[in-house]
Amino acid sequence: AQSVTQLDSQVPVFEEAPVELRCNYSSSVSVYLFWYVQYPNQGLQLLLKYLSGSTLVESINGFEAEFNKSQTSFHLRKPSVHISDTAEYFCAVSFMNRDDKIIFGKGTRLHILP
Amino acid sequence: KAGVTQTPRYLIKTRGQQVTLSCSPISGHRSVSWYQQTPGQGLQFLFEYFSETQRNKGNFPGRFSGRQFSNSRSEMNVSTLELGDSALYLCASSSGLAGEDTQYFGPGTRLTVL
């Protein structure tokens with residue numbers, strides 16, 4: 001069965017420290033991968049995506065994610081977080097089969113500690 | 001460009017009633033997807049419409065239905081409301097197919113079923 005797992009519902013991290021938000025999926029077909037972010041009192045917006053090509057993708061605000069096909073993962077990383085990164089982060093996977101559904105993980109809330 | 005708009009923003013209904021939610025996509029976008037967001041289940045895919053055709057559907061009962069008009073505006077209908085239908089309903093539009101393209105989310109309609 002196809003599924004998306006974000007193991008951590010909450011991640012506290014000190015400002016300027018590195019962070020990794022984990023995303024794993026289960027699939028027997030090809031996938032497209034997305035990270036969406038929801039800042040406080042704002043709607044969901046795309047952070048970055050992998051469709052093809054280089055397995056390492058970057059966002060404009062310093063986040064990066066690497067598609068690891070063998071481990072079926074798409075973890076999100078940032079080397080140094082800022083208070084403005086406080087948000088909920090959602091991993092989403094689009095499964096390239098006839099159903100062509102997109103499944104979201106349950107989200108990881110990132111808390112930046114001063 | 002105006003973003004995705006959803007009306008109404010808040011709705012209170014009683015069990016057994018039906019409800020219709022509306023979504024206006026970004027101008028030029030042909031795909032509209034609907035999601036249900038709850039604290040326990042996270043973001044769950046309802047269905048996607050592309051050029052007035054339903055492309056796929058999530059694992060929701062037949063009480064949940066939708067349609068898309070020629071101007072890409074979409075409506076979602078829930079009949080015979082149940083308490084468990086209380087949720088934030090999000091609409092997202094994209095230029096191409098939702099699974100392959102960036103989705104732009106609206107602010108949502110918060111439905112409360114009493």
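What pairs come up if the first residue lies in the stretch A:57-69 and is under 9 Å from A:Leu47 (Cβ atoms), the second is part of a strand (DSSP E or B) and open to solvent by 40 Å² or more (accessible area, probe 1.4 Å), and their beta carbons are under 9 Å apart, counting only those six or more places apart or on different chains?
Listed pairs, sorted by first residue: A:Ser59/A:Leu46; A:Phe63/A:Arg77; A:Ala65/A:Lys49; A:Ala65/A:Leu56; A:Ala65/A:Glu58; A:Ala65/A:Arg77.
Kindly establish whether A:Glu20 is away from chain B (no Cβ under 14 Å) and at pLDDT 95 or above.
Numbers: away from chain B (no Cβ under 14 Å): yes; at pLDDT 95 or above: yes.
Yes, satisfied.
Kindly indicate the residue of the stretch A:1-57 that is over 25 Å from B:Gly3 (Cβ atoms), assigned to a strand (DSSP E or B) and of a type in the set (Ser, Thr, Tyr) and also least open to solvent (accessible area, probe 1.4 Å) among those meeting that condition.
Result: A:Tyr25.
If you take just the strands (runs of 3 or more DSSP E) that sit entirely in the stretch A:69-114, which of them hold at least 2 residues that are surrounded by 20 or more Cβ atoms within 10 Å (Cβ to Cβ) and either on the phi > 0 side of the Ramachandran plot or more than 14 Å from chain B (Cβ to nearest Cβ) (or both)?
Details: elements: A:73-78, A:87-95, A:102-104, A:108-113.
Because the criterion is at least 2 residues that are surrounded by 20 or more Cβ atoms within 10 Å (Cβ to Cβ) and either on the phi > 0 side of the Ramachandran plot or more than 14 Å from chain B (Cβ to nearest Cβ) (or both), the strands (runs of 3 or more DSSP E) in the stretch A:69-114 that meet it are A:73-78.
Based on this model, can you work out whether A:Val11 counts as within 12 Å of chain B (Cβ to nearest Cβ), hydrophobic (A, V, I, L, M, F, W, C) and under 27 Å from B:Phe45 (Cβ atoms)? If you could, list the steps in order and put the result at the bottom.
Numbers: within 12 Å of chain B (Cβ to nearest Cβ): no; hydrophobic (A, V, I, L, M, F, W, C): yes; under 27 Å from B:Phe45 (Cβ atoms): yes.
So A:Val11 fails the test.
State which residue is most open to solvent (accessible area, probe 1.4 Å) when the search covers only the stretch B:104-114 and only residues that are at the interface with chain A (Cβ under 10 Å from one of its Cβ atoms) and under 17 Å from B:Gly42 (Cα atoms). Before the answer, list the steps.
Step one: filter the stretch B:104-114 for residues at the interface with chain A (Cβ under 10 Å from one of its Cβ atoms), giving B:104-108.
Narrowing the set further to residues that are under 17 Å from B:Gly42 (Cα atoms) leaves B:105-108.
On the way: B:Phe105: 23, B:Gly106: 3, B:Pro107: 56, B:Gly108: 1 Å².
It comes out as B:Pro107.
Do any residues in the stretch B:9-25 that are farther than 21 Å from A:Gly43 by Cα have Cβ atoms under 8 Å from those of residues that are part of a loop (DSSP other than H, G, I, E, B) and open to solvent by less than 20 Å² (accessible area, probe 1.4 Å), where the two are at least six apart or on different chains, and which pairs are they?
Once the first residue is farther than 21 Å from A:Gly43 by Cα and sits in the stretch B:9-25, its partners that are part of a loop (DSSP other than H, G, I, E, B) and open to solvent by less than 20 Å² (accessible area, probe 1.4 Å) give B:Lys13/B:Leu81; B:Thr14/B:Leu81; B:Arg15/B:Leu81; B:Gly16/B:Leu81; B:Gln17/B:Leu81; B:Gln18/B:Leu81; B:Val19/B:Leu81.
Scanning for something of a type in the set (Phe, Trp, Tyr) and out of contact with any Leu (no Cβ under 6 Å at 6 or more places or on another chain), does the stretch B:24-45 turn up at least one residue? Give the derivation first.
Step one: of the stretch B:24-45, the residues of a type in the set (Phe, Trp, Tyr) are B:34-35, B:45.
Filter again for out of contact with any Leu (no Cβ under 6 Å at 6 or more places or on another chain), leaving B:45.
Yes: one or more hits.
Taking strands (runs of 3 or more DSSP E) that fall entirely within the stretch B:1-95, which contain at least 3 residues that are open to solvent by less than 30 Å² (accessible area, probe 1.4 Å), at pLDDT 95 or above and among the small types (Gly, Ala, Ser)? Full working, then the answer.
On the way: elements: B:5-7, B:10-13, B:19-24, B:31-38, B:42-50, B:53-57, B:64-68, B:74-78, B:87-94.
Where strands (runs of 3 or more DSSP E) fall fully within the stretch B:1-95 and carry at least 3 residues being open to solvent by less than 30 Å² (accessible area, probe 1.4 Å), at pLDDT 95 or above and among the small types (Gly, Ala, Ser), they are B:87-94.
If you go through the stretch A:13-59 one residue at a time, how many are of a type in the set (A, V, I, L, M, F, W, C), touching a Ser or Thr at 6+ places or on another chain (Cβ under 8 Å) and farther than 19 Å from B:Gly99 by Cβ?
Qualifying residue count, the stretch A:13-59: 2.
The values are calculated or read from the model by the stated rules, or taken from the named source; none is laboratory data. Computed from a predicted structure; not experimentally measured. As a convention, Cβ positions derive from the backbone with ideal geometry for all residues, glycine included, and neighbour counts pool all protein chains shown. These accessible areas exclude ligands, DNA and RNA; they are computed on the full protein's heavy atoms, side chains included. Shrake-Rupley method; radii C 1.70, N 1.55, O 1.52, S 1.80 Å.
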